[in-house]
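Taking it in order: structure first as structure tokens, then the write-up.
The values are calculated or read from the model by the stated rules, or taken from the named source; none is laboratory data. Source: prediction; values computed, not measured. Here the Cβ positions follow ideal geometry from the backbone for every residue, glycine too, while neighbour counts run over all protein chains shown.
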Amino acid sequence: MAAQKKLIIGNWKMNLNVHDASVYLHKLDVEIQGHRDVEVVVAPTALALQPLSLQINRHKMKLAAQNFYWRDFGAFTGEVAATQLRGLVKYALVGHSERRHVFGETVKDTREKVHAALRNQFTPVLCIGETQSERTSGETKDILHDQLVGGLANVTSEEIDNIVIAYEPVWAIGTGNNASPHDVADAVLAIRSQIRHLYGKEKAASVRVLYGGSVTADSASDYLHVNGVDGLLIGGASLKLHEFGSIIKKAHNITQ
Ligand code: PEP
């Protein structure tokens with residue numbers, strides 16, 4: 001499958017203020033010297049995107065938004081528009097389980113966001129995954145299908161090249177209960193077969209698919225070795241400088 005640089009995204013969630021984010025980024029830059037064969041992305045608080053965009057060495061790291069609103073402008077108090085992120089970020093998370101399950105983001109919202117990101121020239125990272133009860137009742141593949149087909153509606157075959165899919169089982173996020181590499185392999189296969197159905201064989205092989213859910217420095221290599229996994233979406237462990245650095249080093253070693 002896709003032979004590309006591994007993509008490692010750190011989702012800092014609602015942690016680190018602007019100052020601490022800047023200090024962390026500086027230290028991370030030093031920590032991962034010489035790992036340019038890994039695509040390293042951090043998703044800080046929206047407040048930090050502007051200052052970090054001036055600080056970041058874009059040859060070494062990139063920025064992602066954790067969230068945004070899909071309308072271009074208007075009376076939407078408290079929201080940040082995709083148009084306001086244009087030029088600041090290379091990626092943005094869409095449909096993260098915390099957006100879906102804490103803030104009630106719908107499949108229609110994810111679809112609108114995917115299109116808003118593409119219009120504004122950054123890459124949506126479409127996060128999909130089943131809850132524990134959906135898994136227990138054998139619905140995992142149906143959920144992946146619905147979130148994928150719903151989130152990608154009207155995305156063209158050219159546009160799919162600029163989309164990343166993240167398999168993030170809800171029960172594994174922030175819980176320490178990570179999926180087994182075997183579960184991840186099954187889910188990634190289901191995702192790629194759905195992409196094949198929608199866009200053909202070539203796109204099914206080339207679309208980038210990540211795994212996320214309680215990944216640590218100890219487990220990272222196991223997932224990076226799963227066939228069809230192009231990288232990782234890391235939450236909690238991305239807040240620990242040495243641990244995140246070590247995950248990036250593991251991705252670098254695999255690429256060697
Ligand atoms: C995430 O926030 O996308 C995530 C995978 O979190 P964690 O690594 O903490 O499970």
Cβ-Cβ under 8 Å pairs, at least 6 apart or on other chains, the range 164-177 side among the small types (Gly, Ala, Ser), far side in a loop (DSSP other than H, G, I, E, B) and near the ligand (Cβ under 7 Å from one of its atoms): 172/213; 172/214; 174/214; 174/235; 176/214
Single condition residue 254 does not satisfy, out of (1) buried (at least 21 other Cβ atoms within 10 Å of the Cβ); (2) more than 16 Å from the ligand (Cβ to nearest atom): (1)
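From 82, 46, 75, grab the single residue that is surrounded by fewer than 22 Cβ atoms within 10 Å (Cβ to Cβ), free of Cβ contacts under 8 Å to residues at least 60 places away in the same chain and away from the ligand (no atom under 16 Å from the Cβ).
Numbers: 82 fails: surrounded by fewer than 22 Cβ atoms within 10 Å (Cβ to Cβ); 46 fails: away from the ligand (no atom under 16 Å from the Cβ).
Every option except 75 fails the conditions.
Name the residues in the range 95-114 that are closer than 9 Å to residue 151 by Cα and under 16 Å from the mean Cα position of the chain (by Cα), would you? Can you show your working first?
Of all residues in the range 95-114, those closer than 9 Å to residue 151 by Cα come to 95, 107-114.
Once the filter is applied, which keeps residues that are closer than 9 Å to residue 151 by Cα and under 16 Å from the mean Cα position of the chain (by Cα), the range 95-114 yields 95, 110, 111, 113, 114.
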Search result, residues across the range 152-208 that are among the basic types (Lys, Arg) and within 21 Å of residue 41 (Cβ to Cβ): 208
Where a residue in the range 238-251 is crowded, with 24+ Cβ neighbours inside 10 Å and its partner, wherever it lies, is aromatic (Phe, Trp, Tyr) and assigned to a helix (DSSP H, G or I), with Cβ under 7 Å and at least six apart: 238/244
Matching residues in the range 173-186 - criterion: being surrounded by 13 or more Cβ atoms within 10 Å (Cβ to Cβ), modelled with pLDDT under 95 and of a type in the set (Gly, Ala, Ser): 174, 179
Subset of the range 191-218 [among the aliphatic types (A, V, I, L, M) and more than 15 Å from residue 127 (Cβ to Cβ)]: 195, 198, 204, 205, 217
Pair list, Cβ under 8 Å, 6 or more apart: the range 8-25 residue at positive phi, other residue outside any helix (DSSP H, G or I) and more than 12 Å from the ligand (Cβ to nearest atom): 16/44; 16/45
For residue 69: the one exception among (1) in contact with an Asp or Glu (Cβ under 7 Å, 6 or more places away or on another chain); (2) farther than 30 Å from residue 105 by Cα; (3) not charged (D, E, K, R): (2)
Top-ranked residue of the range 170-183 - restricted to ones that are more than 10 Å from residue 214 (Cα to Cα) and within 16 Å of the ligand (Cβ to nearest atom), ranked as nearest to the chain's Cα centre (by Cα): 170
Within the range 25-43, tally of residues that are over 17 Å from the mean Cα position of the chain (by Cα) and either within 16 Å of the ligand (Cβ to nearest atom) or not in a helix (DSSP H, G or I) (or both): 6
Number of the condition not met by residue 116 [criteria: (1) surrounded by 17 or more Cβ atoms within 10 Å (Cβ to Cβ); (2) within 16 Å of the ligand (Cβ to nearest atom)]: (2)
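When you scan the range 57-164 for helices (runs of 4 or more DSSP H) that lie fully inside it, which ones turn up with 2 or more residues that are under 23 Å from residue 8 (Cβ atoms)? Give the steps one after another, and end with the answer.
On the way: elements: 82-85, 97-101, 107-119, 132-136, 140-151.
Answer list for the range 57-164: 97-101, 107-119, 140-151.
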Complete set of residues in the range 165-180 that are among the hydrophobic types (A, V, I, L, M, F, W, C) and part of a loop (DSSP other than H, G, I, E, B): 173, 179
All positions within the range 189-241 that are within 16 Å of the ligand (Cβ to nearest atom), assigned to a helix (DSSP H, G or I) and of a type outside the set (A, V, I, L, M, F, W, C): 221, 222, 223, 236, 238
